[in-house]
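Chemist: After the structure tokens below, expect a handful of questions from me.
The values are calculated or read from the model by the stated rules, or taken from the named source; none is laboratory data. Since this is a predicted model, take the numbers as computed values, not measurements. Using ideal geometry, Cβ is built from the backbone for each residue, glycine included, and neighbour counts are taken over all protein chains shown. For accessibility, only protein heavy atoms count, side chains too; no ligands or nucleic acids. Shrake-Rupley method; radii C 1.70, N 1.55, O 1.52, S 1.80 Å.
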There are 2 protein chains.
Amino acid sequence: MNGFELYNTTRLVFGEGKIDKLGELIQPFGKRVLLVYGGGSIKKFGLYEQVKNKLSAMGATVEELSGIEPNPRLSTVNEGIRICRENDIQFILAIGGGSVIDAAKAIAAGALYDGDVWDFTIGKAVIQQALPLGTLLTLAATGSEMNGGAVITNLETKQKRTMGSKLLYPKFSIVDPTYTLTVPANQTVNGIVDIMSHVFEQYFSQTPSTPLQDRFAEGILLTVIENGERVLANSQDYDARANLLLAGTYAMNGTLPTGVTADWATHVIEHEVSAIYDIPHGEGLAILFPNWMKYVYKERLEKFVQYAVRVWNVETTGKTEDEIALEGIYATQSYFKKLGAPTCLGEVGIDNTYFERMANEAVQFGKIGNFKKLYKEDVLRILELSM
Amino acid sequence: MNGFELYNTTRLVFGEGKIDKLGELIQPFGKRVLLVYGGGSIKKFGLYEQVKNKLSAMGATVEELSGIEPNPRLSTVNEGIRICRENDIQFILAIGGGSVIDAAKAIAAGALYDGDVWDFTIGKAVIQQALPLGTLLTLAATGSEMNGGAVITNLETKQKRTMGSKLLYPKFSIVDPTYTLTVPANQTVNGIVDIMSHVFEQYFSQTPSTPLQDRFAEGILLTVIENGERVLANSQDYDARANLLLAGTYAMNGTLPTGVTADWATHVIEHEVSAIYDIPHGEGLAILFPNWMKYVYKERLEKFVQYAVRVWNVETTGKTEDEIALEGIYATQSYFKKLGAPTCLGEVGIDNTYFERMANEAVQFGKIGNFKKLYKEDVLRILELSM
């Protein structure tokens, strides 16, 4: 196990009706609030109205930024920054999934920075201060509700990049499973793939002797696999929705990477794919991850054997380690397929036109990943396997 | 799953050599420091010297309170409170295991309270403020390094009671596995039993649909079982010590009780036993827990079947659920025995003289536990089973 620091400053407020705490949770930070959200679903299902009433009850002045995109854009973030400055906003409340929360984080950092907020994604500046933010989560997926990371897309340059800071941890996140009962099947599936992918990035590590982290990761995967199927069979299954949400939060709240050197290469590659084609992150991951696995599994065969046995219950009798590991990888791919996720790039209308560019961009800051260090040629190979 | 809040404000700083961060971690809180520790082992192994050098390097003024007992006493806590007040202490640094940390927490709360610190344990007062504290952990056991609870013993009245507050979370805890390489076998064993018992209290719950919490709990148990044996075979096994420490922290840092109605009856009973006989907490738990299990398992048989199968790998073919559950319970008891822990009260010199009193005290505030509500007669029965 490596040395590490674990320090998570987000207050997770989980359960039905927890929105009743909203006023009390925002109160310490001020009354000039920016509401950030996506499309019309929060209006359709009454959540918008509820939030407005709570904010009104606490005497808040509310500005709004709506229409946050599934891959949130720099231009939208800049619009939010402008609103914050013009209205002297004291607190940002994000209502939505990971994209909305990520946009809110970027706005929180940009509002108190003199330069271009994009600087934070390219290492040109470090986040020194940020407006406080809180979230009302409506989708089990990114885990952004309990960490300090954000992913933003620059449409002009077709780049998708990450920024992060301890200052961007939400002060609170209200997670009420009833808000996710109306999430459509395809978005539910993308969320499931996203959660599992986060676990993979941290689980497939070369760090020796991390039994607790392994068990936690496997526990999240098993929970997602079981409850993902339950939710798709019955979208109104509160317990299964709750279990998915908690799994999604734990997959990215700092529990899994303690003492572990994580990988993250597949996320980097997926960001290059969806920066150009604007496909949902979950679809890109469903296609790429099993192929990354096939490409790298021999680098630490015993970890993939453990994965196959503990997560997919692969029978080992009479099989080589190689066969067991591959069976686990195929089980992953089959599960994604069973959920209705795409399994190759062709299915989502992507051919090899931009493979060179994607591979170049993926390794622009140097080789990626840690389970196996990937160079441009490796990225190209994984993209080709994914065709 | 129940609703819940998860908010843990302790910075966990884990790994070899992390003591180098001590000055930087204390700095924000002030330079008048009270050092709290137990016996001579931290002096014997050089840790005391290291800490004093770090504090001296940061220009701190240091007072000391040593000789904290394994079941820390109210009188010692009061001595610490006096030192804090007389020296206008700004920060308390605990070096040791759970007892030392618990004493430091009680001192932190008492130093800023006008009345008797014991008030916090009997519901006569609520902690409104506390001095900040930090810890250097030297034993994998109580998890006190990452929560806001403390257990204190009043020797005069022979009572052992709990106090707790969000204000008592350590600001930081430095956990360096090398400090635990010299822990003697019996203390290591008591720590293992303590960690497993914490998990049991939160795992054996009547709350339905908590698959992630279950997997996390089982993951901690499996990690402790495997690494406990490794440590006892080779006390110098850094990796195994590290894994035990991390498991101990996670067993009590708020991860397991999220959304779950925990039990805690066995801890209440054990506190009554060790308040009178002053035996180590771990020994009391090793004796009582398997007998609590035998007494209550039929209240939710399937949970004990799950425990037997997932934690002890109990073969199920041709057995009734009752048999499977009991086999899991016997495996628990056998494991404790294998570690060298006592399995009945007689082994530690306790007979039934005070059973009535223990049972009365255990239920003085009403029935205890949630997996099965225990009345005085139930407590007596569990004590008798433990003879």
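Chemist: Where the label is 7 Å out from Cα toward Cβ, how close does B:LYS21 come to the same position in every other copy, in nm, shortest first?
Modeler: Label-point separations across copies, in nm and ascending: 2.7.
Chemist: Take A:LEU301, project a point 7 Å from its Cα along the Cβ direction, then tell me which residues of the stretch A:353-387 have their backbone nitrogen under 20 Å from it.
Modeler: A:371-373
Chemist: Also, I was wondering about something else. Taking amide H atoms as placed 1.01 Å from N in the peptide plane, list the residues 5 or more away in sequence, or in a different chain, whose amide H sits under 5 Å from that of A:THR207.
Modeler: Those qualifying (amide H under 5 Å, at least 5 residues apart or on another chain) are A:THR261.
Chemist: I'd like the Karplus ³J(HN,Hα) series for the stretch B:285-299: coefficients 6.51, -1.76, 1.60, θ = phi - 60°, whole numbers in Hz, and an x wherever there's a Gly or Pro.
Modeler: 5, 4, 6, 7, 4, x, 6, 4, 4, 4, 6, 10, 4, 6, 5
Chemist: Right, here's the next one. Give a residue-ordered list of calculated ³J(HN,Hα) values for the stretch A:232-242 (Karplus: 6.51 cos²θ - 1.76 cosθ + 1.60, θ = phi - 60°; whole Hz; x for Gly, Pro).
Modeler: 6, 6, 8, 4, 8, 6, 4, 4, 5, 4, 4
Chemist: How much of the accessible area of the stretch B:1-88, in percent, comes from carbon and sulfur atoms when a 1.4 Å probe is used?
Modeler: 44 percent
Chemist: Here's a follow-up. Please list, in order, the residues from the stretch B:1-36 whose amide nitrogen is less than 16 Å from a point placed 7 Å along the Cα→Cβ vector of B:ASP239.
Modeler: Under cut-off, by backbone N: B:16.
Chemist: Please work out the C-alpha center-to-center distance from the stretch B:46-102 to the stretch B:104-148 and express it in whole Å.
Modeler: Taking the Cα centre of each part, the stretch B:46-102 and the stretch B:104-148 sit 13 Å apart.
Chemist: If each DSSP helix of 4+ residues adds -39,500 (n - 2.57) and the sum is divided by the residues in chain A, what number results at 222 nm, nearest 500 deg cm²/dmol?
Modeler: For chain A, the value works out to -15000 deg cm²/dmol.
Chemist: Could you list which residues have their amide H under 5 Å from that of B:GLN159, counting only those 5 or more apart in sequence or on another chain, with H placed in the peptide plane?
Modeler: For B:GLN159, the qualifying residues are B:ASN154.
Chemist: Might you tell me the accessible area per residue for the protein assembly as shown, computed with a 1.4 Å probe and given in Å²?
Modeler: 36 Å²
Chemist: What percent does the relative contact order of the stretch B:11-179 come to when contacts are Cα pairs within less than 8 Å and at least six residues apart?
Modeler: 28 percent
Chemist: Principal axes first, then extents: for the Cα atoms of the protein assembly as shown, list largest minus smallest coordinate on each axis, whole Å, largest first.
Modeler: Principal extents (Cα only, largest first): 82, 65, 50 Å.
Chemist: Can you pull the semi-axes for the stretch B:184-385, root of five times each eigenvalue of the Cα gyration tensor, sorted largest first, whole Å?
Modeler: Values for the stretch B:184-385, descending: 24, 22, 16 Å.
Chemist: For the stretch B:1-108, what is the relative contact order in percent, using Cα pairs closer than 8 Å and at least 6 residues apart in sequence?
Modeler: Normalised by residue count, the contact order of the stretch B:1-108 is 34 percent.
Chemist: A plus B alone minus the pair: what accessible area, both sides summed, probe 1.4 Å, in Å² to 100?
Modeler: It comes to approximately 3500 Å² buried between A and B.
Chemist: Sticking with this structure for a sec: From the label point of B:GLU321, set 7 Å from Cα along Cα→Cβ, how far away are the matching label points in the other copies, in nm, ordered shortest to longest?
Modeler: Relative to the other copies, B:GLU321 has label-point distances of 4.0 nm.
Chemist: Based on DSSP, what percent of beta bridges with both residues in the protein assembly as shown are antiparallel, to the nearest 5?
Modeler: The answer is about 30 percent antiparallel.
Chemist: Next question, about the same structure. In the stretch A:10-52, which residues give up 40 Å² or more of accessible area once the other protein chains are added, compared with their chain alone (1.4 Å probe)?
Modeler: At a threshold of 40 Å² (probe 1.4 Å), the residues of the stretch A:10-52 that become less exposed are A:ARG11, A:LEU12, A:PHE14.
Chemist: For q values of 0.08, 0.09, 0.13 Å⁻¹, compute log₁₀ I(q)/I(0) with the Debye formula on a Cα-only model of chain A, without solvent.
Modeler: Taking Cα atoms of chain A as identical point scatterers yields -0.40, -0.50, -1.07.
Chemist: List every residue whose amide H lies under 5 Å from the amide H of A:ARG73, counting only residues 5 or more places away in sequence or on a different chain, with H placed 1.01 Å from N in the peptide plane.
Modeler: Residues meeting the criterion, in which the H sits 1.01 Å from N, are A:THR153.
Chemist: Filter B:LYS18/B:LYS52; B:LYS43/B:LYS105; B:LYS298/B:LYS373; B:LYS21/B:LYS52 down to the pairs with a C-alpha to C-alpha distance above 19 Å, please.
Modeler: B:LYS43/B:LYS105
Chemist: Counting DSSP beta bridges with both partners in chain B, what percentage is antiparallel, nearest 5?
Modeler: Counting only bridges with both partners in chain B, antiparallel ones make up about 25 percent.
Chemist: Can you list, shortest first in nanometers, how far B:GLY340 lies from the same residue in the other copies, with each label 7 Å from Cα toward Cβ?
Modeler: 5.9
Chemist: Once both labels are modelled 7 Å past Cα along the beta-carbon direction, what's the B:LYS338-A:ARG230 spacing in nm?
Modeler: 3.2 nm
Chemist: Same structure, new question: Quick one: if you stick a label point 7 Å off each Cα along the C-beta vector at B:TYR330 and B:ARG357, how many nm between them?
Modeler: 3.7 nm
Chemist: Now, a different point. Output ³J(HN,Hα) for the stretch B:362-373: one whole-Hz value per residue in order, computed from phi by the Karplus curve 6.51 cos²θ - 1.76 cosθ + 1.60 with θ = phi - 60°, and x for Gly and Pro.
Modeler: 4, 9, 4, 9, x, 4, 10, x, 10, 4, 9, 5
Chemist: Where does helix B:265-277 land angle-wise versus the long Cα axis of chain B, in degrees 0 to 90, nearest 10?
Modeler: 60 degrees
Chemist: Just give the residues from the stretch B:250-282 buried by at least 50 square angstrom of accessible area in the all-chains context relative to the isolated chain, probe 1.4 Å, and say none if nothing qualifies.
Modeler: Relative to the lone chain, where solvent access is computed with a 1.4 Å probe, the stretch B:250-282 loses at least 50 Å² at B:TYR250.
Chemist: Can you list the residues in the stretch B:202-229 whose accessible area drops by at least 40 Å² when all protein chains are present, compared with the chain alone? Use a 1.4 Å probe, heavy atoms only.
Modeler: By number: B:SER209, B:PRO211, B:LEU212, B:ARG215, B:PHE216, B:THR223.
Chemist: Using the Cα centre of chain B as the reference point, and only Cβ charges (+1 on K/R, -1 on D/E), how large is the resulting charge dipole? Debye, rounded to the nearest 20.
Modeler: 640 debye
Chemist: Net charge near B:PHE216, counting Lys/Arg +1 and Asp/Glu -1 over other residues with Cβ under 13 Å of its Cβ?
Modeler: With Lys, Arg at +1 and Asp, Glu at -1, the net is -1.
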